[in-house]
Every structure is written in C-alpha cells, then in structure tokens.
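Novice: One structure coming up, written as structure tokens, with questions to follow.
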Amino acid sequence: MSEQPSGPPAGPPTGPPGAPRGPMFMRDEYQNLTEEFVKDVKTDLGDIVDCLLLVGSVVTKEHIAGESDCDFLIILKDKAAGENLEKSMEKISEVVVAYLEDPLYSSLLDVEVLSKEQIPKTGEATDYPWTRVLVAQHGKALIGKNPFDGIKVKEEDVKASAIEMAQMFLEDMEAIPTLEDADEYDKLYLTVDAVLGCGCAYLYYNGEKEFYRSTALMLFEDNYKDKIDINPIQTAHYLRLAAKSVSTDKFLENSLKFCKEVVKQLS
C-alpha cells in the first residue's frame, strides 16, 4: 500500500482573504481505501479477478464516517474458481490481511468473494440472497463490468430472502443475553447490528430497494412509524452516530420485541 501522510502540511492555511479557517489537513479514509484497494487488486490479483464492485452506502456517500464498512465484492475469473479456488482465496487473503493490519483501514474493510457460478440467473433458484442481489445491482464497478446488471429480481424472491434475513437476525438477538464472554459494550454493538438487520429485512419485504443501514431510519420515520414501533431503530441509528444523549435503558429488551415483531409481520 502507498505510504500515508504523517501529519498536516507545514505553513499557514491558504485561500482567499476572509475564507473560513477550516482544518488544514483533511483525509477521506474511504476514498483512500478504495483507491488503494483497487490499485492492489489490479497489481496483485489482476490474473484472477474478473470484476471488483464497491457496494453499500459508500457508493452514494451516504455512509456514516468511521462506522460504516467499505464493502467490496470480488468476482473471480473462471480459471480462478473450481479446483483453483483455494489458491485464489490465499492470494486474496494476502492482500486483504495487509489492510486488516493497517490501523487506518482495519475497521472499515469488508470483502466478499464470489465465483461466476454463484451469481444468480433470472428465473433460476439460487443460494445467494436476493436482497444482496439488489445491493450488488446498485454497486459501482471499479474493475470490469457489474455482472448483476440485467438480472430480473422477482418480488416473491425478495420477500422470501427478507424473511430468512429477519429470522437470522432474530436468532442473533435471542443469543445475545447468553454470551458469557461478551461485555456490555459488545452486547450493545451486537444488538444494534441485529436491530438494523431486522429493520432492513422489514424494508426489503415491503418493497423498498434503494436504501442502506445508514438511511433506513428515514424510511421508517416516513412510512412505517404507524405499523411498527420504530424506537429501537431510532436508538440503534443514534448509537451508530455515537450520540452521547441517547438512552439505552431497556434497549436490549425492546430490541428483542422489535425483532420478534418483524418476523411475525413478515411471516
């Protein structure tokens, strides 16, 4: 990876007279990470990677800085899959580990790897969740072409995937009180994840397609506050923003009720 700047530039800030005196040095770690990762994939993995997608809220710059992941989806070339999959994953791991060991990027990077055979085809059954197909379709191709473009997604398939998604996060939510090695902070973090996961499943089931975890609250407040108690979603969102004034009293209890209600309504 390229060497990162070690501090602010020397000398006084420049600009027209009377201009606001903002920070002398600003760095967008998401943009830097994207540029660095693309460069390393091209250099070190160009022989096995057919497509690299940037997916999620970073694409539309609706992410929560320092909290949202920078999500990448790698699609392997045919020759890199099958019997060569293990070797391909080893090569990818070598690149990814370098970022996970970098304190600038370790908490941001998330990478998913697929072979072309794992990409769903219109009208065919698939193990790949259709809700994630929707996310991938809104991804930005950084290398190659987006293979999810043109896939027709059926409403009933999205609903089925949303139900499975909600059930999975409910199970996660139910398991949190039993985690002996998790402290209160860990349990709070896991609860936020489960609530937002169930919330996104609820939105997918109800036909919402263009949203992210960072923007889910707006949809709930605009369209669903009369259909389900959105307080856990609000609390989870503000906790992601590191709001100091948010109350977590009975948050775990109310979150479990929320997840159960989501599964009930979707089922």
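Novice: Going by average Cβ density within 10 Å per residue, which order do the peptides 180-189, 195-204 take, highest to lowest?
Specialist: Working: 180-189: 11.0, 195-204: 25.2.
The densest-packed peptide leads the list: 195-204, 180-189.
Novice: With the cut-off at 22 Å, report for segment 52-200 the share of all Cα pairs above it, as a whole percent.
Specialist: When all Cα pairs of segment 52-200 are counted, 53 percent exceed 22 Å.
Novice: Still on this structure: Choose one of Leu266, Leu134, Thr60: the residue whose Cα lies farthest towards the positive end of the charge dipole of the chain (beta-carbon charges +1 Lys, Arg; -1 Asp, Glu; about the Cα centre).
Specialist: Working it through, the farthest residue towards the positive pole turns out to be Thr60.
Novice: Might you report the magnitude of the Cβ-based charge dipole of the chain about its Cα centre, with Lys and Arg at +1 and Asp and Glu at -1, to the nearest 20 debye?
Specialist: Values: 28 positive and 48 negative charges, 206 e Å.
About 980 debye.
Novice: How far, in nm, would the chain grow between Leu85 and Ala182 when pulled straight, counting 0.36 nm per residue and subtracting the alpha carbon separation?
Specialist: Details: separation 97, 0.36 × 97 = 34.92 nm, distance 3.46 nm.
Gain in length upon complete extension: 31.5 nm.
Novice: Can you sort Leu266, Leu76 by how many other beta carbons sit within 10 Å, fewest first?
Specialist: Final ranking by Cβ density, sparse to dense: Leu266, Leu76.
Novice: Which one of Ala236, Asn84, Phe220 is farthest out on the positive end of the charge dipole of the chain, using unit charges on Cβ (Lys, Arg +1; Asp, Glu -1) and the Cα centre as origin?
Specialist: Farthest along the dipole direction, towards plus: Phe220.
Novice: Take the alpha-carbon positions of the chain, form their convex hull, and give its projected area averaged over all directions (one quarter of the hull surface) in nm².
Specialist: Values: hull surface 73.9 nm².
Answer in nm², one decimal: 18.5.
Novice: Just rank Val135, Val263, fewest to most, by other beta-carbon atoms within 10 angstrom. List each step's numbers first, then the result.
Specialist: Working: Val135 23, Val263 20.
Ordered from fewest to most neighbouring Cβ atoms within 10 Å, Val135, Val263 come out as Val263, Val135.
Novice: Please report Tyr99, Tyr205 as a ranked list, fewest other C-beta atoms within 10 angstrom at the top and most at the bottom. Write out the running numbers ahead of the final one.
Specialist: Details: Tyr99 19, Tyr205 22.
Ranked by crowding around the Cβ, least crowded first: Tyr99, Tyr205.
Novice: Tell me which lysines have Cα within less than 22 Å of Lys244's Cα, excluding those fewer than 8 residues away on the same chain?
Specialist: Within the straight-line cut-off, Lys244 pairs with Lys187.
A short reminder: the numbers here are calculations on the coordinates, not readings from a lab. Given the structure is predicted, the values throughout are model-derived calculations rather than measurements. Methodologically, a virtual Cβ is constructed for each residue, glycine included, from the backbone with ideal geometry; neighbour enumeration extends over all protein chains shown.
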